[in-house]
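Below is one structure, written out as structure tokens, with a few remarks after it.
The values are calculated or read from the model by the stated rules, or taken from the named source; none is laboratory data. Computed from a predicted model, the values in this text were never measured in an experiment. When we count neighbours, we look across all protein chains shown, and the Cβ atoms used for this are built from the backbone with ideal geometry, even at glycine.
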Amino acid sequence: MQATNDNSVPTARERAEYLALRAIVAFLGLLPRSLARSIGAGIGVVAYHLLGRLRSTGRRNLALAYPATSAAERETILRGVYRSLGWELAEFCQMSRYIPEQASKFIRYEGLENYLAAREKGKGVLVLTGHLGAWELSSFYHSLVGYPMSLVIRRLDNPLVDAFVNRIRCLHGNRVIHKDDFARGLLTAMHKGDTVGILMDTNMTPPQGVFVPFFGTEACTATALARVALKTDAAVVPGFLVWHRHESRYVLHFGPQIELIRSADSQADIVANTALFAAVTESYIRQYPDQWLWVHRRWKTRPEGQPKIYG
């Protein structure tokens, strides 16, 4: 894998960030997993206190999504988000060491038959997912046990970090489809009958996104998943890896295939299915609210004439 995306010479800052990341990954990767997760959770606590802007965004989002919930309850959810992110950091640092037998002790499937049935149809599988639970570990584990897939991702700003992270993501056959070339990549993958995971819960801007309800507020949401599914008849299956406290392990949930909405109006179908996918994503987040990325400015893009949500 190339160290940079455009053959430019990395800056001193990029090299420093890359070396710092390598040091963190090496350190946490060598520790026992339980200790690494504890340190990751501690890093999350520090981040909660130090990153005031992200903390404010999380509070604003939670107040918007859960207006009837007390401020104290929302704060508990927000603290849980940072703990979940710390755990994800630790898992990422450990991932390159995982083998199927080991990882299967702290990850199990629920609904794998839904994914396999969708794959058997031979028209490709689009996994509807988001920044919930351990999303990096999700696709990695799926490939580790024999189900490699493609991932639609945004290039990281630092090309050295981007190449390093992608190398770990792809250790067991996963492939990366960058957002700047994802339309062609998605169509090609579906024609081959491949599986592609798409994170559907980030803020978008028109025309790539349309406004659909998300936690009761219009959110600009990517239409690519709906467009490709309608065009190729690929199966759409929700997939989320979340932490189950009572089991002390992760569960990779694959829900039943989502039936697409089809009518004589193709543009209306794109909006309707995008709204459906957003509603499915919301339903999973509501089950595990302290594991979703509330610190992302999900409602940054506003419909014309509506006031900004963030200061």
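One residue stands out among those in region 248-281 that are out of contact with any strand residue (DSSP E or B) (no Cβ under 8 Å at 6 or more places or on another chain) and assigned to a loop (DSSP other than H, G, I, E, B): the one that is farthest from VAL212 (Cα to Cα), which is SER248. Of the numbered criteria (1) farther than 27 Å from LEU30 by Cβ; (2) of a type outside the set (S, T, N, Q); (3) within 17 Å of the chain's Cα centre (by Cα), the one GLU88 fails is (1). Determine whether THR69 is assigned to a loop (DSSP other than H, G, I, E, B) and surrounded by 13 or more Cβ atoms within 10 Å (Cβ to Cβ). Yes: the conditions hold for THR69. Which pairs do you get when a residue that is closer than 24 Å to GLU73 by Cβ, found in region 273-289, comes within reach of a residue that is part of a helix (DSSP H, G or I) and of a type outside the set (Ser, Thr, Tyr), reach meaning Cβ atoms under 7 angstrom, with the pair 6+ apart or on two chains? Final answer for the pair search is PRO289/ILE77. Within region 151-196, being of a type in the set (D, E, K, R), farther than 28 Å from ASP233 by Cβ and assigned to a loop (DSSP other than H, G, I, E, B) holds for ARG155, ASP157.
Do we have VAL152 as under 13 Å from the mean Cα position of the chain (by Cα) and hydrophobic (A, V, I, L, M, F, W, C) here? So VAL152 fits the description; yes.
Test ILE107 against the criterion of being of a type in the set (Val, Ile, Thr), under 28 Å from ARG83 (Cα atoms) and buried (at least 17 other Cβ atoms within 10 Å of the Cβ), and give yes or no. The answer is yes for ILE107.
Yes or no: VAL251 in contact with a Gly (Cβ under 8 Å, 6 or more places away or on another chain), crowded, with 16+ Cβ neighbours inside 10 Å, of a type in the set (A, V, I, L, M) and over 22 Å from ILE177 (Cα atoms)? For VAL251, the condition - in contact with a Gly (Cβ under 8 Å, 6 or more places away or on another chain), crowded, with 16+ Cβ neighbours inside 10 Å, of a type in the set (A, V, I, L, M) and over 22 Å from ILE177 (Cα atoms) - is not met. Check whether at least one residue in region 218-232 is crowded, with 16+ Cβ neighbours inside 10 Å, in contact with a Ser or Thr (Cβ under 6 Å, 6 or more places away or on another chain), modelled with pLDDT of 95 or more and under 27 Å from LEU137 (Cβ atoms), and report yes or no. Yes, there is a match, as at least one residue in region 218-232 is crowded, with 16+ Cβ neighbours inside 10 Å, in contact with a Ser or Thr (Cβ under 6 Å, 6 or more places away or on another chain), modelled with pLDDT of 95 or more and under 27 Å from LEU137 (Cβ atoms). Restricting ARG53, ARG155 to those that are touching a residue at least 60 places away in the same chain (Cβ under 8 Å) and surrounded by fewer than 20 Cβ atoms within 10 Å (Cβ to Cβ) reduces the list to ARG155.
Picking from ASP157, ASP162, which residue would you name as being of a type outside the set (Phe, Trp, Tyr) and modelled with pLDDT under 95? Working first, answer last.
Values: ASP162 fails: modelled with pLDDT under 95.
It is ASP157.
The set of residues from region 176-192 being of a type in the set (A, V, I, L, M) and touching a strand residue (DSSP E or B) at 6+ places or on another chain (Cβ under 8 Å) comprises VAL176, ILE177, LEU186, ALA189, MET190. Annotation note: of ALA278, ALA264, ALA272, ALA268, the sole residue that is crowded, with 19+ Cβ neighbours inside 10 Å and among the small types (Gly, Ala, Ser) is ALA278. The number of residues in region 173-189 that are at pLDDT 95 or above and crowded, with 20+ Cβ neighbours inside 10 Å comes to 1.
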